[in-house]
Amino acid sequence: MFPAEPGVRAIARELYGHAKDLPLISPHGHVDPAILAEDLPFPDPARLIVVPDHYITRMLASQGVPPADLGVPSLDGTPVESDGRVIWRRLAEHWYLFRGTPSRLWTERVFREVFGVETPFGPATADLVYDAIAARLQEPEFRPRALFGRFNLEVLATTEGPLSDLSPHAKLAADGWGGPGGRVITTFRPDDLVDVEWPGWADRVRQLGSLTGRDVSSYAGFLDALRVRREAFLAAGATCSDHGHPTAHTGWVSDVDALYRAALGGSTERAEEFRGHMLMEFARMSTEDGLVMQLHPGADRNHNKALFARHGRDVGGDIPTATDYVRGLRPLLDEFGTDPRFRIVLYTLDETTFTRELAPLAGGYPAVFLGAPWWFLDSPEGLRRFRETVTETAGFYNTSGFVDDTRAFCSIPVRHDVARRIDAGFLARLVAEGRLPLDEAAETIADLAYHLPRKVFRLEKNS
């Protein structure tokens, strides 16, 4: 992944050496905290690597392999494959589909670097690779907490909804792993309580009231209940909230009490207004409790309705959309963009906004930082394009460092390593062109890999 030109490649290798052994900061991801709380051996290779990875299952579904044939749990009673070896062989049979993709890059590096399996993967070797990984999974050194240490993870943030009882985090804290400053912390993600179009919203609001002992029949009580849950998340180590809205729309709603009552009654007509209003409320809460806001707009969730009906959310049925940040965020930034207590990290699935909108916004408001390319864009090419398009306007220090955004625990170190290699190559080109001294490039790559995410996501106490 280093540049092909020998001189620049040599510089990239030297710069990479300044970052490759730094601890990993994972401030945004979706690893199930119970994996680390329980510290049980991982299941078979298919359930570890294939079933939960929608990058993999999505590609195979595009070529006619149903997710059920890959063991993805169903909601509608559809039988799903339960034999891990059969699932694994199906992946191997279709491995050619992943040529040139980041999924192949990550997965093959997991085989080699995490499990020490050098055998090339394919239909003829599927069982050999499966057996080798399965044998490793039985060893104590390959249990979750042991791997956490081997990965050189300093902090891992998981993501939970406000209705979560956070019991895995309580166990982690009791074991000396969690809580404020812990190695495993939570993130407050309230999407299912602010998106009135999400089926079951009113029922979840009532659950929120029961959980917090607040009267959520009124909008004021609803806000109070959300504050109570934020306090619980702070106690579980949270330093961030995360918001996955369809758009970047923000703005106060003057008749929000009436809108809220109508939504409780089943109306979804003003869902976008309510989501935008709640982003304003969460920004205000952030000035009070210090949680860093992360905004991930721009996904048309569950675009594949058949997939959603059969398997539910987060199984590869989402599609990126164009996103307007300049106009959408104006109300929020007018009120909070220069407030020293407020910090927001912006992500995008719409690359056209890097130069036109996001970099200028980060360069114009002290509260704004740019999140790393995520999801469809966290490939080597996407990471490289990000640096090429935002650095000229926002520089390096208005970005927030890499986030792996993964459910696949064993892929965390290889994803971070890819990002460090791409940054080394980008900085090496600047050095080779005489635009940046080598010593400053070395300092910069260490900042991008480690120091910036610790600072931006307020993780300095996690040391």
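Summary table below
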item: Residue check for R415: of a type outside the set (A, V, I, L, M, F, W, C), on the phi < 0 side of the Ramachandran plot and free of Cβ contacts under 8 Å to residues at least 12 places away in the same chain; result: no
item: Sole residue being exposed (fewer than 15 other Cβ atoms within 10 Å of the Cβ) and assigned to a loop (DSSP other than H, G, I, E, B), chosen from E231, E197; result: E197
item: Among residues of the stretch 359-385, those that are among the hydrophobic types (A, V, I, L, M, F, W, C), open to solvent by less than 10 Å² (accessible area, probe 1.4 Å) and assigned to a helix (DSSP H, G or I), counted; result: 2
item: Selected residue [open to solvent by less than 50 Å² (accessible area, probe 1.4 Å), at pLDDT 95 or above and at positive phi] from G290, G276; result: G290
item: Restricting the stretch 113-162 to residues that are out of contact with any helix residue (DSSP H, G or I) (no Cβ under 9 Å at 6 or more places or on another chain) and surrounded by 19 or more Cβ atoms within 10 Å (Cβ to Cβ), the residue that is farthest from V184 (Cα to Cα); result: T159
item: Set R313, R356, R327, R341: member being loosely packed, with under 15 Cβ neighbours inside 10 Å and touching a helix residue (DSSP H, G or I) at 6+ places or on another chain (Cβ under 7 Å); result: R341
item: Filter pass, A170 being surrounded by fewer than 20 Cβ atoms within 10 Å (Cβ to Cβ) and in contact (Cβ under 8 Å) with a residue 24 or more places away in the chain; result: yes
item: Residue that is nearest to T187 (Cα to Cα), among those in the stretch 216-228 that are open to solvent by 10 Å² or more (accessible area, probe 1.4 Å) and among the hydrophobic types (A, V, I, L, M, F, W, C); result: V228
item: Filtered residues of the stretch 386-403 (kept if part of a loop (DSSP other than H, G, I, E, B) and either open to solvent by 10 Å² or more (accessible area, probe 1.4 Å) or more than 28 Å from F336 (Cβ to Cβ) (or both)); result: G395, F396, Y397, N398, F402
item: Subset of the stretch 115-154 [part of a helix (DSSP H, G or I), aliphatic (A, V, I, L, M) and under 24 Å from the mean Cα position of the chain (by Cα)]; result: A146, L147
item: Count - residues of the stretch 235-255 that are within 27 Å of V326 (Cβ to Cβ) and either surrounded by fewer than 20 Cβ atoms within 10 Å (Cβ to Cβ) or touching a residue at least 60 places away in the same chain (Cβ under 8 Å) (or both); result: 13
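Condition check ((1) closer than 30 Å to K305 by Cα; (2) out of contact with any Gly (no Cβ under 8 Å at 6 or more places or on another chain); (3) assigned to a helix (DSSP H, G or I)) across all residues:
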residue	(1), (2), (3)
L156	no, no, no
L163	yes, yes, no
P180	no, no, no
L208	yes, yes, yes
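The values are calculated or read from the model by the stated rules, or taken from the named source; none is laboratory data. Computed from a predicted model, the values in this text were never measured in an experiment. Cβ coordinates were reconstructed from backbone atoms using ideal geometry, including for glycine residues, and neighbour counts include every protein chain displayed. Side chains included, ligands, DNA and RNA excluded: accessible areas come from the protein's heavy atoms. Shrake-Rupley method; radii C 1.70, N 1.55, O 1.52, S 1.80 Å.
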